[in-house]
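Chemist: The structure under discussion is supplied below as structure tokens; questions concerning it will follow.
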Amino acid sequence: MTTTFHRGRRLRRSPQLRALVRETAPLLTEELIMPYFVVETEDQSFRKEVPSMPGQYQLSLGELEKQVEKAVDTGLNAVLLFGIPAHKDEKACGAYAEDGIVQKAVRLLKRRWPGLVVITDVCLCEYMSHGHCGILTPQGAVLNDATLPLLAQTAVSHARAGADMVAPSDMMDGRVAAIRSALDAAGCEDVPLLSYAVKYASAYYGPFRDAAESAPASGDRKAYQMDAANAREALLEARADLAEGADALIVKPAGPYSDIIRMVRDAVDVPVCAYQVSGEYSMICAAGQNGWIDQKAVMLESLTGLKRAGADMIITYFAEEILRQRLAR
Ligand code: PBG
Ligand code: ZN
């Protein structure tokens, strides 16, 4: 008698068979990017856990060096730096200061580990007294064009400090073009631009804003970040940034937007990076700590999902843990 139904279980009978037919390759050490929060402080032993992000810390330069040392020993290939300045103002002066905290962190890491890929987040919110990503009018609107020169100056200062790649996350229109031409004019034509091209206005950023102390004092970011309901618009943003000179693109958040990762991956020919954001991380940790899920398994499953969706690289707060537990090749 012939079988009339599909026997999908035949190829799932052993770990070896499953490995043989597996579609998505295991995580690779080199494709993981670990974010760090660096604090401008005199106290070189400053190290403070972020309450809403278990296992993630605000770190002084000295503590950053120790933390990265351990991670590099387990194979870490790339980091993404965020700065928390000692002083905030209305012009985000700390963002583009030659001796700003990110600039110092870049110099420190590159001096110690020349091969480590050091990526910097280029934005102004952490450095603004009001917490918005650009210059604010008295009425509370974020000015687009007036913000561009500050972003460009920030990116150039990061590149001059030795950053391997700059990643603008502000969502101002035209910032990729502005940053690219400023980098080129400064003799940094070899520094690639990893654009947060597809960045949604997301409640999943909540824990990050505790970590980076960058929550807007009033209002939200919906007038510059994308509407969560939009998919087609992601391609518009991706193509615009490519036309302006982006070398690679970020989609963010990642898990709830894996349809967007797939769309972008299929539509462009540059590397696509998924950013598994703070809220995604914290939710997995919280459920894990409660014993409601198997944290290690869900961590791996969430990242495999991003690779399956088409991500070439992944920014994740789990990067250190994945390497520590030798869960990547
Ligand atoms: C800065 C920035 C944010 C994130 C990355 N860069 C916060 C925001 O836009 O409010 C979020 C990262 C995360 O949640 O892990 N603009
Ligand atoms: Zn910002």
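Chemist: Expressed as a rounded percentage, what relative contact order does the chain have, with Cα pairs under 8 Å and six or more residues apart?
Modeler: 18 percent
Chemist: Just by accessible area at a 1.4 angstrom probe, what is the order of Phe46, Phe318 from largest to smallest?
Modeler: So, going from the largest accessible area down, we get Phe46, Phe318.
Chemist: With axes computed from alpha carbons, what is the tilt in degrees of helix 258-267 against the longest principal axis of the chain, rounded to the nearest 10 within 0 to 90?
Modeler: 80 degrees
Chemist: While we're here: Largest first and to the nearest Å, give the Cα extent of region 27-328 along each principal axis.
Modeler: 48, 47, 38
Chemist: Let me know the charge dipole size of the chain about its Cα centre in debye, to the nearest 20, where only the beta-carbon of Lys, Arg (+1) and Asp, Glu (-1) is charged.
Modeler: Numbers: 36 positive and 42 negative charges, 351 e Å.
Value, rounded to 20: 1680 debye.
Chemist: To the nearest 500 deg cm²/dmol, what mean residue ellipticity at 222 nm is calculated for the chain from DSSP H runs of n ≥ 4 alone, each contributing -39,500 (n - 2.57), summed and divided by the residues? Walk me through the numbers before you get to the answer.
Modeler: Numbers: 11 runs with 118 residues, N = 329.
The per-residue figure over the chain is -11000 deg cm²/dmol.
Chemist: I'd like the accessible area for Lys199: 1.4 Å probe, protein heavy atoms, all chains in place, Å² to the nearest 10.
Modeler: Accessible surface of Lys199 is approximately 10 Å².
Chemist: Strictly over 29 Å apart at the Cα level, which of Lys70/Lys296; Lys66/Lys296; Lys88/Lys296; Lys91/Lys199; Lys222/Lys296 would you flag in this model?
Modeler: As for pairs spanning more than 29 Å Cα to Cα, those are Lys88/Lys296; Lys222/Lys296.
Chemist: Given the whole protein assembly as supplied and a 1.4 Å probe, what does the accessible area of Met299 come to in Å², nearest 10?
Modeler: The value for Met299 is about 0 Å².
Chemist: A follow-up question, please. So for the chain: antiparallel DSSP bridges make up what percent, rounded to the nearest 5?
Modeler: Among the beta bridges of the chain, antiparallel pairing accounts for roughly 15 percent.
Chemist: For a quick check: with amide H placed at 1.01 Å from N, whose amide H comes under 5 Å from Ile315's, ignoring anything fewer than 5 positions away on the same chain?
Modeler: Those qualifying (amide H under 5 Å, at least 5 residues apart or on another chain) are Ile33, Ala274, Tyr275, Gln276.
Chemist: While we're here: Going by Cα centres, region 221-238 and region 261-327 are how many Å apart?
Modeler: Cα centres, region 221-238 to region 261-327: 21 Å.
Chemist: Compute the accessible area per residue over the chain, keeping the other protein chains in place, probe 1.4 Å, unit Å².
Modeler: It amounts to 46 Å² per residue over the chain.
Chemist: Test of understanding: in a Gaussian network model of the chain with alpha carbons linked when under 10 Å, which of Leu20, Leu194, Leu109 would top the mean-square fluctuation ranking?
Modeler: Leu20
Chemist: How would Asp241, Asp145 rank on accessible area, largest to smallest, probe 1.4 Å?
Modeler: Correct descending sequence by accessible area is Asp145, Asp241.
Chemist: Please report, as a whole percent, how much of the solvent-accessible surface of the chain comes from carbon and sulfur atoms (probe radius 1.4 Å).
Modeler: Percent of accessible area from carbon and sulfur atoms in the chain: 52.
Chemist: How big is the accessible area of Ser282 in square angstrom, nearest 10, if you roll a 1.4 angstrom probe over the protein chains?
Modeler: Probe radius 1.4 Å; accessible area of Ser282 about 20 Å².
Chemist: Follow-up. Cα centroids of region 1-80 and region 164-217: how far apart, whole angstrom?
Modeler: Each part's Cα centre sits 22 Å from the other's.
Chemist: Could you sort Arg112, Arg326 by accessible area so the largest value comes first, with the probe set to 1.4 Å? Write out the running numbers ahead of the final one.
Modeler: Values: Arg112 100, Arg326 190 Å².
Greatest to least solvent exposure: Arg326, Arg112.
Chemist: Could I ask something else about it? Can you pull out the trypsin sites (Lys or Arg not before Pro) in region 217-274 whose DSSP state is coil and whose Cβ has at most 16 other Cβ atoms within 10 Å? Mind showing how you got there, number by number?
Modeler: Details: sites: Arg221, Lys222, Arg232, Arg239, Arg262, Arg265; in loops: Arg221, Lys222.
Loop-located and lightly packed - Lys222.
Chemist: Compute the acute angle (0 to 90°) between the alpha-carbon long axis of helix 295-308 and the principal axis of greatest extent of the alpha-carbon atoms of the chain; round to the nearest 10°.
Modeler: 90 degrees
Chemist: What is the angle, in °, between the Cα long axis of helix 232-244 and the longest principal axis of the Cα atoms in the chain? Nearest 10 is fine, range 0 to 90.
Modeler: The two axes meet at around 50 degrees.
The values are calculated or read from the model by the stated rules, or taken from the named source; none is laboratory data. None of the values given here were measured: they were computed from a predicted structure. All Cβ positions, glycine included, derive from the backbone under ideal geometry; neighbour counts span all protein chains shown. Just the protein is used for accessible areas: all its heavy atoms, side chains included, with ligands, DNA and RNA removed. Shrake-Rupley method; radii C 1.70, N 1.55, O 1.52, S 1.80 Å.
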